[in-house]
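Each reported figure results from applying straightforward, stated rules to the coordinates on display, with no laboratory input. Worth saying up front: this structure is predicted, and the values here are computed from it rather than measured. Using ideal geometry, Cβ is built from the backbone for each residue, glycine included, and neighbour counts are taken over all protein chains shown.
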Amino acid sequence: MEEEKKHIDELIATYLTEGLDKNALAELKAWIAASPENEDYFIRQREVWFSAVSREAASKYNKDKAFDTFRNRIGSRKQVEKAPRREFRLSTLWRYAAIIAVILAVGCFSYWQGGVNVKDTFADISVEAPLGSKTKLYLPDGTLVWLNAGSRIIYSQGFGVDNRKVELEGEGYFEVRRNEKLPFSVKTRDLQLQVLGTKFNFRNYSEDHEVVVSLLEGRVALNNLLKSEKETYLVPNERAVLDKSNGLMKVESVTASNASQWTDGYLFFDEELLPDIVEELERSYNVNIHIANDSLNKFRFYGNFVRREQGIQEVLDALASTEKIQYKIEERNITIY
């Protein structure tokens, strides 16, 4: 058993530092898939590692110093029980190597607000924000990202080394660290964005009728993936709205900072379609909302709410005060008519 564990640790360290051949990679993947305990092994090691370093230390990674810090932390946690001293040192050394390899691959860490799931360690890294919450994280290049409820971001283990590409499902607010040699790009199913360093909000949930990009600082280039056309550029306090039904995109002047108010716990609707508002309320309050009349789907609303202080009924009351809609609530199911 001990020999097998040392062999797996060696595979892990080699994979993350040098890469494995086809057969060895298949062996490692099979071991990970064999049991939840094997998959949890990586998570436990990462958590121990992250508890030993600060975010600043992770962004300015020093392998030797980090190794000493981690070794001292582990040494203070427990002593060896009923095992030869030589075997303990060898086994622990492989564990250190695996953990250091993980931090080299990941680059820096994120912290959880409402929950984060990091999946598929051996391919892309995926971070999610569950319904009813939001998540804040730092990418390996120091870029700050907020994910809104029901959103996911995916990036490769090579992020910040040979590329700065991410895929987004849902809504994210980005403060991109400038790097002229490696442009930063965000791709969704319908729209792709590229920048050097800037602040922007990007919303494209699969169920939404529109894609909305709002620029707070800097300059961004947008490629409409629904139609072949020239790049569209945004300057601060502009937003692009892409209609998924026909592929048409328009640019308009706005107060762009309103689009990122959700990071501070606010709900802000800036002339948004009722179906998109309904989707946002479902994600934010974890409820089910049904629009009973198709004629309501073209209505747009403006509103600003404090989610942490105002419940779903107060938000619906405000929308109903426009006399465009009515609603009824049955436990967690809501009907708008």
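General observations
- Difference of contour (0.36 nm per residue) and Cα-Cα distance, LEU144 to ASP264: 41.7 nm
- Model label zone, THR322; criterion: amide N under 17 Å from point 7 Å along Cα-to-beta-carbon; scope segment 281-299: 281-282, 290-299
- Spacing of the two label points (7 Å from each Cα toward its C-beta) at GLN310 and ALA33, in nm: 4.9 nm
- With each label modelled as a point 7 angstrom along the Cα→C-beta vector, the VAL251-LYS5 pair spans 5.9 nm.
- Measuring between alpha carbons in the structure, the pairs from LYS187/LYS328; LYS199/LYS250; LYS199/LYS230 lying more than 27 angstrom apart are LYS187/LYS328.
- Here the label points at ASN297 and VAL235, each 7 Å from Cα along the C-beta direction, are separated by 3.7 nm in the simple model.
- Among beta bridges identified by DSSP and lying wholly in segment 243-337, the antiparallel ones come to about 75 percent.
- Stretching GLU180 away from ASN23 to a fully extended chain increases their span by 52.7 nm, per 0.36 nm per residue minus the current alpha-carbon distance.
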